[in-house]
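We did not get these values from a lab; they are worked out from the coordinates using the rules stated. Here the structure is a predicted model, which is why all the values come from computation and not from measurement.
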Amino acid sequence: MQALDPAQLAAAKYVPYPRRKLGLGITALLWLLRVYVLIAVPLVFYAFWRGLAAGY
């Protein structure tokens, strides 16, 4: 990389990596994480709202 000009070096640093092919287990795990977040976030907001209403 020392043979590159500064502009070429900067351009080479920003080449994106290709998407990785994920297996079925990892894909299922990521979907379960999404479902968990979709369930947990409203519960946290509900608990926060109830705590404010109760005066905590």
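Computed from Cα atoms, the angle from the helix 24-54 axis to the main principal axis of the chain rounds to 40 degrees. The percentage of C-alpha pairs in the chain whose separation is greater than 14 Å is 75%.
Extension gain for residue 46-residue 21 works out to 5.3 nm (0.36 nm per residue, less the C-alpha to C-alpha distance).
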